[in-house]
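> The structure's right below; bear with me while I get my questions together.
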2 protein chains.
Amino acid sequence: MNLMDFFRRNKEPTATTAKDRLQIVLAHERADRNAPDFLPALQKELLAVIKKYVPIDDDKVAVKLERESGCSMLEVNVELPAPQPGTPRQPATTAVG
Amino acid sequence: MNLMDFFRRNKEPTATTAKDRLQIVLAHERADRNAPDFLPALQKELLAVIKKYVPIDDDKVAVKLERESGCSMLEVNVELPAPQPGTPRQPATTAVG
């Protein structure tokens, strides 16, 4: 089963109100177990980049970070505000960094 | 099965030489089928952010974008250069345009 199939099967059952949702997963496999893990730092910048495209409510962001020998996995789930019908979503103009 | 289990099960079988690998998946579910899809634009910026942490060879980047009704999924697989033993990986200093 590839990752796309995984997402298809794991989509929320048809919730009463369909939501806009963004799920991000990063898996970093390191040959050298002691190589630095940059996922925690990357996570903040990732959200900053996404905020340029869509407004994100920080308390609608769920983050999971797991580490195993030589592999770290970061999962970020964001519930996005449903777009007002008829208003095309423009990239947000908030400056980053 | 949650996503972390998926990555564990899908790790490459012990290849002859363990590689540093980064896998990124974004799934964007849109309640409004006609809402704009920002994943293609987001993909370029994501790689630019990652390049601040680790050098990326553009021909070692595989991108898959799939769209279904109301859901788009972007999968980026990056084979990273194995760090030289003993050299801690510092954030790359390349300025992002």
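The values are calculated or read from the model by the stated rules, or taken from the named source; none is laboratory data. This one's a predicted model, so the numbers in the text were calculated from it and none came from an experiment. All Cβ positions, glycine included, derive from the backbone under ideal geometry; neighbour counts span all protein chains shown. Heads up: the accessible areas ignore ligands, DNA and RNA and are worked out on the full protein's heavy atoms, side chains in. Shrake-Rupley method; radii C 1.70, N 1.55, O 1.52, S 1.80 Å.
> Please verify whether segment A:12-30 includes one or more residues that are at pLDDT 75 or above, more than 23 Å from B:D32 (Cα to Cα), of a type outside the set (D, E, K, R) and open to solvent by 60 Å² or more (accessible area, probe 1.4 Å).
no
> If you don't mind, there's one more thing I want to ask. Output the residues belonging to segment A:42-68 that are facing chain B (nearest Cβ under 7 Å) and either hydrophobic (A, V, I, L, M, F, W, C) or part of a strand (DSSP E or B) (or both).
Across segment A:42-68, the qualifying residues are A:L42, A:L46, A:V49, A:I50, A:V54, A:E66.
> Right, A:A35: at pLDDT below 85 and crowded, with 16+ Cβ neighbours inside 10 Å or not?
Yes.
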